[in-house]
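Here's the structure we're looking at; comments come further down.
The values are calculated or read from the model by the stated rules, or taken from the named source; none is laboratory data. Keep in mind it's a predicted model, so treat the numbers as computed, not measured. Heads up, the Cβs are rebuilt from the backbone with ideal geometry, glycines too, and the neighbour counts pull from every protein chain shown.
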Amino acid sequence: MRIDEASRDTLISRERELAARYAALAGAGLALDVTRGKPSAAQLDLSDGLDGVLGGNYRGEDGTDLRNYGGLDGLPEAKRLFAPVLQVPASNVLVGGNSSLTLMWQCALYGMQFGFAGPESAWSRHGKVRFICPVPGYDRHFSICEHLGIEMLTVPMTPTGPDMDAVEALLASDPSIRGMWVVPRFSNPTGAVCDEQTVARCAALARRAAPGFRLFWDDAYAVHALAADAPRLASLHEACVRLGTEDSVLLFGSTSKITHAGAGVAFLAASEPNLRAIRHHMGFASIGPDKVNQRRHVAFLGGFDGLLAHMEGHAALLRPRFAAVLDTLERELGGSGMGSWSRPRGGYFVSFDTRPGLAREVVRLAAEAGVKLTPAGATFPYGKDPEDRNIRIAPSFPTVAEIERAMDVFVVCVQLASVRQRLA
Ligand SMILES: Cc1ncc(COP(=O)(O)O)c(C=O)c1O
């Protein structure tokens with residue numbers, strides 16, 4: 001049934017049928033959760049070899065005693081392992097603790113409060129501070145801005161990255177913009193991958209932006225392809241070197257979805273002046289990160305090729321889960337006009353858009369039938385989706401059977417909400 005073409009009588013009988021199906025599902029006592037972008041236990045099992053991999057050898061390649069304090073910016077061998085993930089030279093990498101979100105929070109705080117080029121460069125010294133946020137996007141980026149008092153301006157995320165015409169127009173009109181978030185490969189939640197032209201335009205933003213502008217390039221899903229032919233990402237670093245804009249970008253990544261999510265290693269890449277500032281500010285909070293864990297990762301993954309081979313194990317576990325989501329959406333909603341969705345080639349999420357004004361209602365209906373979805377609005381700054389359309393589906397954590405059941409409920413909720421909206 002194409003909803004916009006259905007007669008009132010058809011809609012009325014369809015509503016009755018769907019309400020009965022919904023009631024049966026709601027009575028089944030389901031307790032399913034597709035909110036969490038977390039690896040499943042089977043994915044975590046892939047990295048259990050980390051434990052004991054050092055075999056009691058606590059020396060780094062340069063003789064450092066890994067158990068002791070020191071080494072604020074990480075082990076050289078860990079920098080070499082993660083440099084190709086961010087497509088940068090190892091000399092530009094800093095390797096930290098377990099969370100890239102922590103590194104992003106720290107860098108946003110440094111930019112705001114202390115500056116990357118001396119105290120005068122602190123954004124907060126120059127009045128209002130704004131960041132550009134592609135939407136839908138990652139809620140925790142938005143929370144960082146909100147907590148630091150950074151106002152957020154949205155631009156649409158397209159299948160090839162942020163709408164760069166909109167980004168450039170904003171920069172031209174607003175000198176208070178000091179930063180921008182981008183998840184460049186398999187973005188959260190749409191799975192978009194920045195094409196080469198978008199990467200080049202991102203590298204050139206500093207030429208249009210106010211002094212001190214920093215692009216926060218969160219490459220959380222850099223190596224998280226579901227298939228070998230997934231789109232690749234051009235090197236932002238190389239594009240910046242061509243333009244001389246290396247100081248305007250900060251790149252982030254982690255092994256949270258490579259090894260153990262809560263016990264991995266996070267890293268960032270930046271120009272030498274930025275690294276100097278970051279090391280200085282960081283030195284007040286830490287004597288150094290967990291080097292034993294960094295070395296365990298080097299020993300376990302064995303290099304970038306080993307890391308990519310390891311990621312195939314994740315892809316094998318994730319592919320059927322994504323297929324379970326996409327097959328159900330296609331079968332039940334394809335051609336119906338009741339929603340549209342992304343078909344990601346990697347990453348952790350499927351992004352679903354309802355008809356305008358229905359995301360909250362679908363999330364509510366699903367919750368009452370025992371299926372927990374990410375709150376509607378979470379993918380927008382301040383939790384406000386202006387069209388109330390976007391819902392993020394996270395298939396990694398549940399089993400395939402659980403995803404199938406959850407999606408059966410989801411599509412009935414979408415259909416019921418859509419038909420009722422047309423009848424109202
Ligand atoms: C885009 C993005 N960045 C960062 C993170 C968190 O990274 P980490 O575990 O390294 O703090 C996530 C987790 O969902 C994410 O989706």
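Side notes on the structure shown:
- Residue within the stretch 29-37 that is under 25 Å from residue 291 (Cβ atoms) and in contact (Cβ under 8 Å) with a residue 24 or more places away in the chain present: no
- Checked against the criterion of being farther than 20 Å from residue 356 by Cα and touching a residue at least 60 places away in the same chain (Cβ under 8 Å), the candidates 385, 408 yield just one match: 408.
- Residue within the stretch 396-403 that is under 28 Å from residue 133 (Cβ atoms) and charged (D, E, K, R) present: no
- Checked against the criterion of being more than 16 Å from the ligand (Cβ to nearest atom), outside any helix (DSSP H, G or I) and either acidic (Asp, Glu) or not assigned by TED's automatic domain parsing to the domain that holds residue 294 (or both), the stretch 10-20 contains not a single residue that satisfies it.
- Within the stretch 70-86, if we keep just the residues that are more than 16 Å from the ligand (Cβ to nearest atom) and outside any helix (DSSP H, G or I), the residue that is surrounded by the most Cβ atoms within 10 Å (Cβ to Cβ) turns out to be 75.
Each row is one residue, and each column tells you yes or no for (1) crowded, with 22+ Cβ neighbours inside 10 Å; (2) of a type outside the set (S, T, N, Q); (3) not in a helix (DSSP H, G or I).
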site: 315; (1), (2), (3): no, yes, no
site: 353; (1), (2), (3): no, yes, yes
site: 376; (1), (2), (3): yes, yes, yes
site: 397; (1), (2), (3): no, yes, yes
site: 406; (1), (2), (3): yes, yes, no
site: 420; (1), (2), (3): no, yes, no
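- Whichever residue in the stretch 237-256 is part of a loop (DSSP other than H, G, I, E, B) and surrounded by 20 or more Cβ atoms within 10 Å (Cβ to Cβ) and, among such residues, is nearest to the ligand (Cβ to nearest atom): 256
- Residue that is in contact with a helix residue (DSSP H, G or I) (Cβ under 7 Å, 6 or more places away or on another chain), under 24 Å from residue 312 (Cβ atoms), of a type outside the set (Phe, Trp, Tyr) and away from the ligand (no atom under 16 Å from the Cβ), where the choices are 200, 234: 234
- Residue among 220, 234, 227, 192 that is in a loop (DSSP other than H, G, I, E, B) and at pLDDT below 95: 227
- Any hit, the stretch 322-335, residues being within 16 Å of the ligand (Cβ to nearest atom) and buried (at least 21 other Cβ atoms within 10 Å of the Cβ): yes
- Identity of the residue in the stretch 26-58, among the small types (Gly, Ala, Ser) and touching a helix residue (DSSP H, G or I) at 6+ places or on another chain (Cβ under 8 Å), that ends up farthest from the ligand (Cβ to nearest atom): 26
- The stretch 260-284, subset of a type outside the set (A, V, I, L, M) and within 11 Å of the ligand (Cβ to nearest atom), residue farthest from residue 107 (Cα to Cα): 260
- Counting the residues of the stretch 285-317 that are under 25 Å from residue 227 (Cα atoms) and among the acidic types (Asp, Glu) gives 2.
Yes/no matrix, rows are residues, columns are (1) in a helix (DSSP H, G or I); (2) farther than 28 Å from residue 390 by Cβ; (3) at pLDDT 95 or above:
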{"residue": "88", "(1), (2), (3)": "no, yes, yes"}
{"residue": "109", "(1), (2), (3)": "yes, yes, yes"}
{"residue": "125", "(1), (2), (3)": "yes, yes, yes"}
{"residue": "131", "(1), (2), (3)": "no, no, yes"}
{"residue": "134", "(1), (2), (3)": "no, no, yes"}
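- Residue that is nearest to the chain's Cα centre (by Cα) [pool: residues in the stretch 208-217 that are in a loop (DSSP other than H, G, I, E, B) and at negative phi]: 213
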